[in-house]
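The values are calculated or read from the model by the stated rules, or taken from the named source; none is laboratory data. For clarity, every value in this text was computed on a predicted model and none was experimentally measured. Here the Cβ is made from the backbone with ideal geometry for all residues, glycine too, and neighbour counts use every protein chain on show. Heavy atoms of the whole protein, side chains included, go into the accessibility calculation; ligands, DNA and RNA do not. Shrake-Rupley method; radii C 1.70, N 1.55, O 1.52, S 1.80 Å.
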Amino acid sequence: MTEQSILTEPTDTRQPLLSVRDLRVSFPSEAGRVDAVRGVSFDLHRGRTLGIVGESGSGKSVTSMAVMGLLPEYASVTGEVALDGQNVLALDDRAMSKVRGKHIGMIFQDPLSSLTPIFSIGAQIVEALQIHQDISSAAAWKRAVELLDLVGIPNPQRRAKGFPHEFSGGMRQRAVIAMAIANDPDLIIADEPTTALDVTVQAQILDVLKTAQRETGAAVIMITHDLGVVAGSADDVMVMYAGKPVERAGVDELFARPRMPYTIGLMGAIPRLDDRARDALTPVPGTPPLLVDLPDACPFAARCPVAADACRAAEPELLAIGAQPASGDQPASGGQPASGDRPTIGGEAGGGKASGSAAVQPPAVRAPAGEAPSVETPGAVHSVACRRAGEISDGTIDGEPVFPVPAVREPEAAAVPREERPKVLELSGLTKTFPLTKGGLLKRKVGTVFAVNGIDLDIREGETLGLVGESGCGKTTTLLEIMGLKPPERGSISVAGKNAADLRSKREIGAVRREMQMVFQDPMGALDPRMTVFDILAEPLRAVGGHGKDDLSRQIGELMELVGLDPEHRDRFPAAFSGGQRQRIGIARALATKPKLLVLDEPVSALDVSVQAGVINLLNDLKAELGLSYLFVAHDLSVVRHISDRVAVMYLGRIVETGDIDAVFDHPSHPYTKALLSAIPLPDPVAERSRERVLLKGDLPSPTDDSPGCRFVSRCPLHLTLPESRKRQCLDITPELTERATPDHSSACHFADMTPADLTTSADVPTERQS
């Protein structure tokens, strides 16, 4: 097969650009053959976006790597991957290298590892262009600059000469996108392109991807665990579990009427930004199966609350809604329909692909306003691999929820007015700076980094405060200052009424430290792999002292039961537990000293959605049962809204908005808070497409600048709309936190409460309230 055959444009635009049939990928291992992908089939047309979602290990990334031909040599790959009618699996590596970059562009999760550190960004884009095109170096450089400008990198002529380490994470991902679209590919594969990015940068990258698709007319495969991202960007969705698609439909249909219990569980496990009720989430129990010697049964049966005997008798095929056999029926020939007899909605047979293919039909393209879509045919047929799909409606079966919603426990402290509850943590004017030095052997100070710059916070008994902001805003430095229990550079830190500056002896410091414990982001990195769970939990108890051997064993058993772990597993090592279970061990260790305050640093960001829900529910239950207070640091504002009572928004070392969680989220007054909230995707396609998005331009300014004025002014969309007389106020006067119209709500913005009419009124001198 030659490259020229791949280059041929299809004569029938209704034919799929990418057609995958019965793709299977396996890897050898000591435990046996790992069947990572077990029969994936789908069609994808030009201009369409297919979202592939599922938990870690479901086969999403392996599927994309197989399409790209990037799997290792020891991987066994069978099936067919047809690009414009040609099977790319039949190409050797030399021929495939001419397809990658030219006809298929790939955007990886980690942009830093995708770029070569010793070459400039522009040189790497030039290389991608010259490999696939007969183009001069000057023309290629000009095109590279144009591409960087297209993806929104400011001053592209200068930044093209920069190296990857000189770019922020978001800018690096923009550069990777520019490289992926350099040769106008027919297909763009984006594998978790926004996972490692801040929410504001995520919104920018998704917007850039839409621009890239619009400019190239490419089809896109969007691989992600974030259903909100899928809701806002995909046309069709394929849910994968244990290496196979288990549900497939158009994005509106899937989110409105999921029929596979696994999909229903995923959606119930996601906290929503627009949900004021904050009911308990519905975690999916258990863990995905090992993909070695899987039995001929539904792989989700062990975790499914509505599994029947027939589910364990044979693995169900992916069939159109209405075509599933009854729960007691077995499909002929092991459930594989004959080719050309794909059941359709209602169970009628029709010509076309095999039933496992779940084809994406030619697109009902979302055309720009005023333009008709090029093809007006429906999207993907709603197909499900579940014997009981026909009985499921609106997330219920036989009138009962597929996944029962756990009851919410209210803390006793919630009945007491906030002002009457004691303060567990109080920060007043907390400041932390770092010297900026220059030189090698003889360093000299050339500036000061203001990591935390005069913040005020307090947390009451039984209360959760969410601390949010972009990377580099000072959240982690604030936590380190609190946990260090040392006199701060400026300001004060008080824990349970005791000022850190007054603690003189190790005994006093130890007594206060027992009142405050921390849960870290990475549970595996936070646990000693050479210690058993018993030893991990016994360590803080032994440090406190006063525990005999029997008492120690009893308390460790109680701690494990408290966090939902089996005490019989106390002699196991951390490697024997799943990610969610390891995080529960970390929480149990933090509770060992019976603290009043837990400091939670991104405690669920490293967990799958279904596992995350269980940990969030556990934290809420512990708060109610033990009367705990939480300082909860996270970048996911949906999680923050679900678990927090109050929130503080941080920007460049300062608190710019704080207050009751509903007041801040429903009526944000600071432009930065509005941008953060608008950047969080909603797992609802209709709501997501109708939202007004506030996209921030550029990156955080230098934290070394402490001159008067608003620190957000260089990125503020409100500032651009102000008359010149008002703009000087933002530039010259630092805004202070000021009470707003809604109760328990303050923000640091001169013009937060002003109407457009107020803003147009000439006012050269700020009022006392504004200053």
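Considering the conditions (1) in contact with a Leu (Cβ under 9 Å, 6 or more places away or on another chain); (2) not in a strand (DSSP E or B), Tyr74 is excluded by exactly one of them, (1). Residue pairs whose Cβ atoms lie under 6 Å apart, separated by 6 or more positions or on different chains, with the first residue in segment 411-439 and among the hydrophobic types (A, V, I, L, M, F, W, C) and the second open to solvent by 70 Å² or more (accessible area, probe 1.4 Å) and part of a strand (DSSP E or B), are Leu436/Val446.
Would you mind stating whether Gly462 is under 25 Å from Pro540 (Cα atoms) and over 25 Å from the mean Cα position of the chain (by Cα)? So Gly462 fits the description; yes. Within segment 118-160, the residues that satisfy the criterion of being touching a residue at least 12 places away in the same chain (Cβ under 8 Å), part of a helix (DSSP H, G or I) and closer than 25 Å to Met65 by Cβ are Ile121, Gln124, Ile125, Ala128, Leu129, Ile131, His132, Leu147. Of all the listed residues (Leu227, Leu294), the sole one being at negative phi, open to solvent by 30 Å² or more (accessible area, probe 1.4 Å), aliphatic (A, V, I, L, M) and in contact (Cβ under 8 Å) with a residue 60 or more places away in the chain is Leu294. Considered as a group, the residues in segment 420-460 that are crowded, with 21+ Cβ neighbours inside 10 Å and basic (Lys, Arg) include one that is nearest to Glu736 (Cα to Cα), and that residue is Lys432. Close contacts from segment 610-636, counting a first residue that is of a type in the set (Val, Ile, Thr) and a second that is open to solvent by 10 Å² or more (accessible area, probe 1.4 Å) and part of a helix (DSSP H, G or I), with Cβ to Cβ under 8 Å and a gap of 6+ residues or different chains, come to Val611/Gly579; Val615/Arg584; Ile616/His642; Val633/Lys475; Val633/Thr476. Among the residues of segment 73-117, the ones that are within 30 Å of Val145 (Cβ to Cβ), in contact (Cβ under 8 Å) with a residue 24 or more places away in the chain and out of contact with any helix residue (DSSP H, G or I) (no Cβ under 7 Å at 6 or more places or on another chain) come to 2 in all. When restricted to residues that are farther than 14 Å from Ala752 by Cα, of a type in the set (A, V, I, L, M) and open to solvent by 40 Å² or more (accessible area, probe 1.4 Å), segment 695-719 contains 2.
Pull up segment 192-241, narrow it to residues that are touching a strand residue (DSSP E or B) at 6+ places or on another chain (Cβ under 8 Å) and of a type in the set (Ser, Thr, Tyr), then point me to the one that is farthest from Asp636 (Cα to Cα). Here the residue is Thr216. Restricting attention to segment 36-71, the residues that are assigned to a strand (DSSP E or B) and more than 21 Å from His225 (Cβ to Cβ) total 3.
Restricting segment 172-191 to residues that are in a helix (DSSP H, G or I) and touching a strand residue (DSSP E or B) at 6+ places or on another chain (Cβ under 9 Å), which is nearest to Arg100 (Cα to Cα)? Among those that are in a helix (DSSP H, G or I) and touching a strand residue (DSSP E or B) at 6+ places or on another chain (Cβ under 9 Å), it is Ala180. Checking each residue in segment 118-150 for being open to solvent by 80 Å² or more (accessible area, probe 1.4 Å), farther than 27 Å from Ile223 by Cα and touching a Phe, Trp or Tyr at 6+ places or on another chain (Cβ under 9 Å) picks out Ile118, Phe119. Would you mind telling me which numbered condition in (1) open to solvent by 20 Å² or more (accessible area, probe 1.4 Å); (2) within 24 Å of Thr287 (Cα to Cα) Asp645 fails? Among (1) open to solvent by 20 Å² or more (accessible area, probe 1.4 Å); (2) within 24 Å of Thr287 (Cα to Cα), the lone unmet condition for Asp645 is (2). In segment 641-687, the residue that is nearest to Val251 (Cα to Cα) out of those that are assigned to a loop (DSSP other than H, G, I, E, B) and of a type in the set (A, V, I, L, M) is Leu682.
Right, Arg388: of a type in the set (D, E, K, R), touching a Gly at 6+ places or on another chain (Cβ under 7 Å), at pLDDT 90 or above and crowded, with 16+ Cβ neighbours inside 10 Å or not? Answer is no for this residue. For segment 620-633, taking the residues that are buried (at least 23 other Cβ atoms within 10 Å of the Cβ) and of a type in the set (A, V, I, L, M), the one that is nearest to Pro681 (Cα to Cα) is identified as Val633. The single condition from (1) at pLDDT 90 or above; (2) in a loop (DSSP other than H, G, I, E, B) that Leu696 fails is (1). Any residue in segment 649-668 that is in contact (Cβ under 8 Å) with a residue 12 or more places away in the chain sitting within a Cβ distance under 8 Å of a residue that is assigned to a loop (DSSP other than H, G, I, E, B) and among the polar types (S, T, N, Q)? List the pairs, counting only those 6 or more apart or interchain. Here the result reads Glu657/Ser669; Gly659/Thr742; Asp660/Thr742; Ile661/Ser644; Ala663/Thr742; His667/Thr742, each pair linking segment 649-668 to a residue that is assigned to a loop (DSSP other than H, G, I, E, B) and among the polar types (S, T, N, Q). Within segment 511-529, is even one residue over 29 Å from Leu457 (Cα atoms) and among the charged types (D, E, K, R)? Yes, there is a match, as at least one residue in segment 511-529 is over 29 Å from Leu457 (Cα atoms) and among the charged types (D, E, K, R).
To keep it simple, each residue is scored yes or no on (1) part of a strand (DSSP E or B); (2) closer than 30 Å to Pro422 by Cβ; (3) over 30 Å from the mean Cα position of the chain (by Cα); (4) in contact (Cβ under 8 Å) with a residue 60 or more places away in the chain.
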site	(1), (2), (3), (4)
Gly564	no, yes, no, no
Glu568	no, no, yes, no
Arg584	no, yes, no, no
Ala588	no, yes, no, no
Thr593	no, yes, yes, yes
Leu598	yes, yes, no, yes
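Give segment 55-70 a look and list any residue that's within 24 Å of Pro16 (Cα to Cα) and touching a strand residue (DSSP E or B) at 6+ places or on another chain (Cβ under 6 Å), or say none. Listed by number, the residues that qualify are Gly59, Lys60, Ser61, Val62, Thr63, Ser64, Ala66, Val67, Met68. The residue of segment 399-433 that is farthest from Ile616 (Cα to Cα), among those that are part of a strand (DSSP E or B) and among the aliphatic types (A, V, I, L, M), is Leu430. When segment 230-268 is filtered for residues that are touching a Pro at 6+ places or on another chain (Cβ under 6 Å), within 18 Å of Val611 (Cβ to Cβ) and open to solvent by less than 10 Å² (accessible area, probe 1.4 Å), only Ala242 remains. Could you go through segment 587-602 and let me know if any residue there is in contact with a His (Cβ under 8 Å, 6 or more places away or on another chain) and surrounded by fewer than 22 Cβ atoms within 10 Å (Cβ to Cβ). Within segment 587-602 (the criterion being in contact with a His (Cβ under 8 Å, 6 or more places away or on another chain) and surrounded by fewer than 22 Cβ atoms within 10 Å (Cβ to Cβ)), the answer is yes, since at least one residue qualifies. Of everything in segment 161-171 that's open to solvent by less than 80 Å² (accessible area, probe 1.4 Å) and in a loop (DSSP other than H, G, I, E, B), which residue is farthest from Gln109 (Cα to Cα)? Looking at residues that are open to solvent by less than 80 Å² (accessible area, probe 1.4 Å) and in a loop (DSSP other than H, G, I, E, B), I get Gly162.
Restricting attention to segment 94-117 and to residues that are under 34 Å from the mean Cα position of the chain (by Cα), assigned to a helix (DSSP H, G or I) and among the aliphatic types (A, V, I, L, M), the residue that is farthest from Val220 (Cα to Cα) turns out to be Leu112.
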